[in-house]
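Asker: Quick one: this structure, given as structure tokens, is what I'll be asking you about.
Just so it is clear, none of the values below were taken in a lab; they were calculated from the coordinates. Just so it is clear, the structure is predicted and the values come from calculations on it, not from any experiment. All Cβ positions, even for glycine, are placed from backbone atoms using ideal geometry, and neighbour counts span all protein chains on display.
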Amino acid sequence: MGPNLLANYGEAVSAILFCIGFTNLLLQTNLIKKIIGLNIMDSAIYLFLAEKGYIAGRAAPIVVDGVTSVEAYINPIPSGLVLTGIVVSVSVTALMLSLTIRLYLRYHTLDLDEISMQLKREGK
Amino acid sequence: MSRKKSNEEYQKTSAFRFFRWLSGEKDPYIGNVEMCPQEEYQPDREAALRHEKEHDAILDKVYDATHNKSLYLFHRLYQATSVLFCLFLIALLLVTVSYLPANGTVIRPVNNEVAERYIEKGLEETGAVNIVAGMILDYRAFDTLGESHVLFVATITVLILLRLNKTEKDEAEVNDRRFEPKNDAILQLVATFLVPIIIIFGIYIILNGHLGPGGGFSGGAVIGAGLVLYLNAFGFKKTERFFTEKTYKWVCFFSLSFYCLAKSYSFYTGANQLHSVIPKGTPGAILSSGLILPLNIAVGLVVACTIYAFYAMFRKGGF
Amino acid sequence: MDFICNFPFFSILISLFSGTICSVLPAKAAKAVNRLVIAAVGLMSAVLLLYLLSTGESFIYWMGHFPAPWGNEIRAGVLEAGMALFFCVIMYLSMAGGAHKLPDEVVESKHSLYYILVNLLLSSLLALVYTNDMFTAYVFVEINTISACGLIMIRQVGRTIEAAVRYMIMSLLGSGLLLFGLCIMYDLTGHLLMSNIKESVALIMANGEYQIPLIVAVALMCIGLCIKSALFPFHAWLPDAYGYSTVSSAAILSSLVSKGYIFLLIKIIYRVIGFDIFNSTRIIDVLFVFGLMGMIFGSLSAIKENDIRRMIAFSSVAQIGYIYMGFGMGTQAGMVASIFHILSHAATKSLLFIAAIGLTDVSGGSRKFIDLTGAAYRNKWAGVAFTAGSLSMVGIPLFSGFISKLLFAQAAVQVEGKMLASLIVLGISTVLNAVYFMKTVIRIYTSEQDAPYKSITFRDRKAYTVVLVCSILLNVILGVSSQPVVDMIGQGLAMFA
């Protein structure tokens, strides 16, 4: 173990959340639960980035009263990355949900294994 | 002095209607609110049984589930390994995190020059008071260009999956009326007040993207939420007066084209060391910071339309 | 700066913009725009390649008004331009070769959407090839994933939608890992541009303090990209996705989409981490082992398969195993072999998919082997093309597959610890390849007199036949005059460093 686990508790939480989301996305059979896992995973990454941008005692990177010294503001880059990441996550979630709707309308179930079974039975 | 009203006259006053409503004799909205009468849910026992049987048959056929001890074991094993896998991943990442530089400190192990430059020179070079907006729409604009196209390609895939043809559309129309109550008075009244406020707030966020927290995406999402509320309160008939699939297509087309062309101009002049004619303006004024404001408006339009389109697609398979 | 240096930027922007334009065009016009854009981008890449070969130096192109550590930039060298050219050629052939199936398999009103997806896919592939920035790479990886998913499920049958869901799930796991690795990398180095990250990584490795998180970050990014490019244990989505989608999609997916991710991984290895540092980690051993397993198990699954398109799809799993085996050797020669195999596999796989559709068309649309008996007599050109593709996959001289196997063998001999394993598996895999491809070739050339199916001749499908001939020629050119290509790859890799 390294020296900074306690100081990095925010990152540690985000790492745990990431793994929970990852495992849910990988191993749940219910499609909606998978999508929830996906969102947990993405949010965990944004939490990680937000934690990484934070510098104690500094303000958000919006210039106030023309002060442009480095000491005044936190790191703006992770905030920008989070913004981009959120858009990607919204698009992907919408796509997954519409795939789920299509499959549900056709097979009347949300369980991916059961859908595979029905496909096998159709034998096409 | 009060004059005693005749019975007929009294029945016309609002007080009479109010008391009648209070005592539960009459629902004043009957006749105004259009609702399908809810039928009592009759579970179709035969269909349920048949479905269950079919399901068991599939299970049997594929996995031979009734006499398969090993399948049961496999499921248990699957769950146990899932948990173990998750724990292993957590342990790995926790060790990694524990070696990372401490949270809240200034010093990154190797350097901080990029972030420092953005803070120190960002205002001067991009003209945006909001450093993050300056960063994503000027320093690293290529990412953001890609990001708006991610949204675009996602709508295209949703269109492919959920858009219906003509005959299906009529059926969807009927279904839509069955599941959603129409002309709910409370919702309509609240929406009449809220929708303009929400949309104006969204426009404010977009226009102030370079001056404070906000920007095209967040503002567009707020406007989209306003449109969705309007749709829910007043139904597709009313929204179709100003927002159809055609509107969506052309708004998206013009915004994305503008985005592409404007950014191409800026990339081209930048890379070839040409002088860009776009003025930076006075920092802090609403018309400042070069391309950031128009780009924010373009992104806002795309996002607002996309959010509305997602909702309409999910609900009815069309606009 | 010469005007030609604008070409990478132009090609990305044109293909991105044409996606937007196609959204308001009718299907016919969208098709024309799509063809035109692919051809134009191919032409530009060819000119750029010649220019780069004559100057012998790569160049950096600013995306904006700001120089290196602050702005965003793209970079072009011989390898990048060559890849872009090759991707355009394969994409044009795949689109032209599958065009006649599109009306049957996709609803009329969704044709223009299909061309939007293809244009955006092309732009994202070009961006992955040219970019010099990690986060830009991530964003375009997502565009690539979503449009590939669209290509899979544009033919709406149950199997493709299910395959699209599985594809999305695996891809999202991959991008999650990639993004997390990227964030850790950013935290350690403070940069997002590849060249600057590389300098910082060298400092960190020399310093020694932050080695563990650095290696974990590298591992996360590698595993993410392996998952996305369907390396062996992560290939469950692949057979259905390639086997049931419309034929242009299958050809594009198998020969381009996964190759885009692999090319990004090569860029990360060379331009972000540094080849020597990457080879000193244990990650290459993991890649090596999974590559070998993929080669064997992919071929075994292909042998068991009773459906020609799924068989070709499983063969892709094996071929991706070859590519990762080359990475795992950890030498320059292995890398060159892998890159050559990317080219040869892309050329052969698109040929096989397009030829297979010609064979199934003359067998009543069935893909079962039993119905394909004698199909090569009913559609002669498709039969010839399929045979050529199979010979190339097995590794017969004159075809490109032979050269890549030769290069792999030569590379394996130079690596001490991994020589025996790679040579043995290479041998086994070649035999297995021969078993299932020759089985198919013999089946389609077994004459059957009383088959109730119609034949198709050259006159019925001119464009299709021309595409087949071009693909065969491409294969033979790669196989016969391989030395210039290999030299070019070597030169490109030298420019990477």
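Asker: Using mean Cβ contacts within 10 Å as the protection proxy, how do C:284-293, C:347-356 order, highest first?
Answerer: Per-residue Cβ counts within 10 Å, averaged per peptide and sorted highest first, yield C:347-356, C:284-293.
Asker: Further, regarding this structure: Using per-residue counts of other Cβ atoms within 10 Å, averaged over each peptide, order B:132-143, B:89-100 from highest down.
Answerer: Ranking the peptides B:132-143, B:89-100 by packing returns B:132-143, B:89-100.
Asker: In addition: If one takes the longest principal axis of the Cα atoms in chain C, at what angle in degrees, from 0 to 90 and to the nearest 10, does the Cα axis of helix C:380-394 lie?
Answerer: 40 degrees
Asker: Nearest 500 deg cm²/dmol is fine: what mean residue ellipticity at 222 nm does chain C get from its DSSP H runs of n ≥ 4 alone, each adding -39,500 (n - 2.57), divided by its residue count?
Answerer: -25000 deg cm²/dmol
Asker: Considering every residue in B:83-94, what mean count of other chain Cβ atoms within 10 Å of its Cβ is obtained?
Answerer: Mean partner shielding for this stretch: 6.
Asker: Cross-link candidates for C:K454: which lysines have Cα within less than 24 Å, leaving aside residues fewer than 8 places away along the same chain?
Answerer: Output for C:K454: A:K124, C:K101, C:K368, C:K380, C:K439, C:K462.
Asker: Determine one quarter of the surface area of the Cα convex hull of the protein assembly as shown, which equals its mean projected area, and express it in nm² to one decimal.
Answerer: The number I arrive at for the protein assembly as shown is 47.7 nm².
Asker: At 7 Å along the Cα-to-beta-carbon direction for both B:N7 and A:I36, put a label point, then send me their distance in nm to one decimal.
Answerer: It works out to 6.1 nm between the two label points.
Asker: Between A:A94, A:A44, A:A56, find the one with the highest GNM mean-square fluctuation for chain A; connect C-alpha pairs within less than 10 Å.
Answerer: A:A56
Asker: Within 10 Å of each Cβ in C:356-366, how many Cβ atoms from other chains are there, averaged over the peptide?
Answerer: 0
Asker: So for the stretch C:203-322, averaging the separation of alpha carbon pairs under 8 Å that are six or more residues apart and normalising by length, what relative contact order in percent results?
Answerer: For the stretch C:203-322, the relative contact order is 32 percent.
Asker: Which net charge results when you count Lys and Arg as +1 and Asp and Glu as -1 among the other residues whose beta-carbon is under 12 Å from that of C:G328?
Answerer: Around C:G328, the charge tally is +1.
Asker: Here is a further query. Counting Lys +1, Arg +1, Asp -1, Glu -1, what net charge surrounds B:Y99 among other residues with beta carbon under 13 Å of its beta carbon?
Answerer: -3
Asker: For helix C:27-55, report the angle its Cα long axis makes with the longest principal axis of the Cα atoms of chain C; keep it between 0 and 90° and round to the nearest 10°.
Answerer: Approximately 50 degrees, to the nearest ten.
Asker: Give me the one-decimal nm value for the distance between modelled label points at B:N272 and B:K246, 7 Å along each residue's Cα-to-Cβ direction.
Answerer: Distance between label points: 3.9 nm.
Asker: To continue, here is another question. Per residue of C:13-21, what is the mean number of Cβ atoms on other protein chains within 10 angstrom of that residue's Cβ?
Answerer: Going residue by residue through C:13-21 and averaging, the value is 5.
Asker: Note down the net charge around C:L53, summing +1 for each Lys or Arg and -1 for each Asp or Glu among other residues with Cβ under 15 Å from its Cβ.
Answerer: In short, -4.
Asker: May I ask for the distance between the Cα centers of the stretch C:1-46 and the stretch B:83-101, given as a whole number of Å?
Answerer: Answer, in whole Å: 45.
Asker: Beta carbons within 10 angstrom, averaged per residue: use that to sort the peptides C:406-415, C:86-95, highest first.
Answerer: Ranked by mean Cβ neighbours within 10 Å, highest first: C:86-95, C:406-415.
Asker: What is the distance in Å between the Cα centres of the stretch B:215-288 and the stretch B:129-190?
Answerer: That distance is 14 Å.
Asker: With r as the distance between the Cβ atoms of C:R282 and C:L398 and R0 = 25 Å, compute the FRET efficiency 1/(1 + (r/R0)^6) and round to 0.05.
Answerer: It comes out at approximately 0.05.
Asker: Roughly speaking, what is the stretch gain from B:E25 to B:D170, that is 0.36 nm per residue apart minus the C-alpha to C-alpha distance, in nm to one decimal?
Answerer: 48.4 nm
Asker: Report, in whole Å, the centroid distance computed from the Cα atoms of the stretch C:327-389 and the stretch C:198-266.
Answerer: Here the two parts' Cα centres lie 24 Å apart.
Asker: Taking only C-alpha pairs under 8 Å that are 6+ residues apart, what is the relative contact order of chain C in percent?
Answerer: Computed value for chain C: 15 percent relative contact order.
Asker: Another question about this same structure. Would you mind checking the tilt of helix A:9-27 against the longest principal axis of the Cα atoms of chain A, expressed as 0 to 90 degrees and rounded to 10?
Answerer: 10 degrees
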